[in-house]
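Trainee: Just passing along the structure, written as structure tokens.
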Amino acid sequence: MPVDVKLHEVKIPIRALKLASLYEIRSDGFVGLVDSGMSESSVKMLEASGMKVEDIDLLMLTHLHVDHVGGALAIQEMSGCRVAMGEHDYRILRDIAEDPDAFKARYVKRALEYGFPSDLETSITRGLPFDSNARRLLDLKVDITIVQDGRLNSDLTYMTVPGHSPGSVAFIVEGQGLLFSGDHVLERITPNIGVYEEKQDMLGEYLESLDRVKGKGFRVCLPGHGRPFAGVDERVAEIKEHHSLRLKEIEESCTDWSSAYTVASRIIWNRGRHLSDMNEMERNFAFGEALSHLIHLSRTERVARKEFDGIIKFRKEEP
Ligand SMILES: [Zn+2]
Ligand SMILES: [Zn+2]
């Protein structure tokens, strides 16, 4: 029996994105929803666009970012649905919810270690879910925690795609070649790759996860932002090319021992922008992006890494 998919776009208060894409999936009496928008107001918009929220059997969360999980609790409370998400992302969410202050302190400490200026300390956590709302997430019941590829029912499978977040998951309707990619593959934006736990080479994992979805014969990519599009393999090739150029640029910019923040300030970012032209949130993203590239370069021995008075710095390896 063919699976019916309907796109619901809801407004989100993130300037660079504006909308989040939620997907209603129906087959043989089953009603699934991919992602939940940013908040309870996303849920209201979902209903206004024709989705009967109380009908939902299963909510599939692609990753932990607030523009994807923010409406989850409201949806579960209204429908009693089961929830599936990556185990690693769920663990991080619980960590934040149980002790937002401790999580925030670790986060700030790491940013400072990698050269984030201490006079900007308060800005590094702007836009992250450390406020009192975070505790509400403890009420979300996640029934299916995903650690490896698997199956939900006769139509739906899932694949782990760590990188954009440690526990990112893509959902799949195999019979119809549909890939619900979350923020793993987007059509017009290169997904942001930040750093979650210092030991993880998130960019390395991301590049491997791009290979995981390539050559699988997916006909349509249904992303977490934007409309469904064809040509998954071509888009994956473009994103890989982007990172390979950026890795080279960042490697070349480490002519002397430089912190991740210094490197971020030397790079010309998308649309010719400099760190000094950016607002706080954009600057935090650029810093995270520089750092994830530096960690990957240091793991692959293209740059050396050394601590100077508590600040970690990188320098291009001499050939
Ligand atoms: Zn995201
Ligand atoms: Zn997103």
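The values are calculated or read from the model by the stated rules, or taken from the named source; none is laboratory data. Not measured: the values here are computed from a predicted model. Virtual Cβ from ideal backbone geometry, glycine too; neighbours counted across all protein chains shown.
Trainee: Could you please find all residues in region 259-277 being hydroxyl-bearing (Ser, Thr, Tyr) and free of Cβ contacts under 8 Å to residues at least 24 places away in the same chain? If you could, list the steps in order and put the result at the bottom.
Mentor: Of region 259-277, the ones hydroxyl-bearing (Ser, Thr, Tyr) are 259, 261-262, 265, 276.
Ser265, Ser276 - these are the residues of region 259-277 that are hydroxyl-bearing (Ser, Thr, Tyr) and free of Cβ contacts under 8 Å to residues at least 24 places away in the same chain.
Trainee: Moving to a separate point now. Please verify whether region 67-79 includes one or more residues that are surrounded by fewer than 23 Cβ atoms within 10 Å (Cβ to Cβ) and within 13 Å of ligand 2 (Cβ to nearest atom).
Mentor: no
Trainee: Which pairs have Cβ atoms under 9 Å, sit 6 or more apart or on different chains, and link a residue in region 211-233 that is farther than 13 Å from Ala170 by Cβ to one that is of a type in the set (Ser, Thr, Tyr)?
Mentor: Close Cβ pairs satisfying both conditions: His225/Ser21; Gly226/Ser21; Arg227/Ser21; Pro228/Ser21; Pro228/Tyr23.
Trainee: If you go through region 264-279 one residue at a time, how many are assigned to a helix (DSSP H, G or I) and within 20 Å of His164 (Cβ to Cβ)? It would help to see each step written out before you state the result.
Mentor: Initial filter on region 264-279 (assigned to a helix (DSSP H, G or I)): 264-266, 270-272, 275-277.
Adding the requirement that they be within 20 Å of His164 (Cβ to Cβ) leaves 264, 270.
Count: 2.
Trainee: Output the residues belonging to region 31-54 that are more than 16 Å from the chain's Cα centre (by Cα), surrounded by 17 or more Cβ atoms within 10 Å (Cβ to Cβ) and touching a residue at least 40 places away in the same chain (Cβ under 8 Å). Spell out how you get there, then give the answer.
Mentor: To start, the set of residues in region 31-54 that are more than 16 Å from the chain's Cα centre (by Cα) comprises 31-33, 39-54.
Within this subset, residues satisfying the condition of being surrounded by 17 or more Cβ atoms within 10 Å (Cβ to Cβ) are 31-33, 39, 42-43, 45-46, 51, 53.
Result: Gly32, Leu33, Met51.
Trainee: Still on this model: Which one of Glu282, Glu301 is within 24 Å of Tyr206 (Cα to Cα) and part of a loop (DSSP other than H, G, I, E, B)?
Mentor: On the way: Glu282 fails: part of a loop (DSSP other than H, G, I, E, B).
One residue alone meets the criteria, Glu301.
Trainee: Please give the number of the condition Tyr196 fails out of (1) within 15 Å of ligand 2 (Cβ to nearest atom); (2) closer than 22 Å to Ile14 by Cα; (3) among the hydroxyl-bearing types (Ser, Thr, Tyr).
Mentor: (1)
Trainee: Also, I was wondering about something else. Just one of (1) surrounded by 21 or more Cβ atoms within 10 Å (Cβ to Cβ); (2) within 16 Å of ligand 1 (Cβ to nearest atom); (3) under 30 Å from Ser258 (Cα atoms) trips up Gly115, so point out which.
Mentor: Gly115 satisfies all of (1) surrounded by 21 or more Cβ atoms within 10 Å (Cβ to Cβ); (2) within 16 Å of ligand 1 (Cβ to nearest atom); (3) under 30 Å from Ser258 (Cα atoms) except (2).
Trainee: Additional query: Among the residues of region 236-253, is any modelled with pLDDT under 95 and not polar (S, T, N, Q)? Let's see the steps before the verdict.
Mentor: Initially, region 236-253 is screened for residues modelled with pLDDT under 95, giving none.
No, because not a single residue in region 236-253 is modelled with pLDDT under 95 and not polar (S, T, N, Q).
Trainee: Out of everything in region 18-27 that is free of Cβ contacts under 8 Å to residues at least 60 places away in the same chain and surrounded by fewer than 24 Cβ atoms within 10 Å (Cβ to Cβ), what residue ends up being nearest to ligand 1 (Cβ to nearest atom)? Before you say what the answer is, go through the steps one by one.
Mentor: Quick first cut of region 18-27, residues free of Cβ contacts under 8 Å to residues at least 60 places away in the same chain only: 18, 22, 24, 26.
Restricting the remaining residues to those that are surrounded by fewer than 24 Cβ atoms within 10 Å (Cβ to Cβ) gives 18, 24, 26.
Values: Lys18: 14, Glu24: 20, Arg26: 25 Å.
Taking the candidates together, the pick is Lys18.
Trainee: I'd like to check something: does region 78-88 contain any residue that is of a type in the set (A, V, I, L, M), within 16 Å of ligand 1 (Cβ to nearest atom) and at pLDDT 85 or above?
Mentor: yes
Trainee: Restricted to region 278-319, and to residues that are under 18 Å from Leu247 (Cα atoms), without any contact (Cβ under 8 Å) to a residue 40 or more places away in the chain and over 25 Å from the mean Cα position of the chain (by Cα), which residue is surrounded by the fewest Cβ atoms within 10 Å (Cβ to Cβ)? Please lay out each step first, then the result.
Mentor: Step one: filter region 278-319 for residues under 18 Å from Leu247 (Cα atoms), giving 285-305, 313-319.
Within this subset, residues satisfying the condition of being without any contact (Cβ under 8 Å) to a residue 40 or more places away in the chain are 286, 298, 301, 304-305, 317-319.
Within this subset, residues satisfying the condition of being over 25 Å from the mean Cα position of the chain (by Cα) are 301, 304-305, 317-319.
Details: Glu301: 8, Ala304: 15, Arg305: 15, Glu317: 13, Glu318: 5, Pro319: 3.
Checked region 278-319; the qualifying residue surrounded by the fewest Cβ atoms within 10 Å (Cβ to Cβ) is Pro319.
Trainee: Would you confirm, using the coordinates I've provided, whether Leu138 is farther than 25 Å from Arg26 by Cβ, within 16 Å of ligand 1 (Cβ to nearest atom) and not in a loop (DSSP other than H, G, I, E, B)? Can you show your working first?
Mentor: Numbers: farther than 25 Å from Arg26 by Cβ: yes; within 16 Å of ligand 1 (Cβ to nearest atom): no; not in a loop (DSSP other than H, G, I, E, B): yes.
No: the conditions fail for Leu138.
Trainee: Separate question: Residues Ile239, Ile311: which one is in contact with a Ser or Thr (Cβ under 8 Å, 6 or more places away or on another chain), under 28 Å from Val34 (Cα atoms) and of a type in the set (A, V, I, L, M)?
Mentor: Only one candidate qualifies: Ile239.
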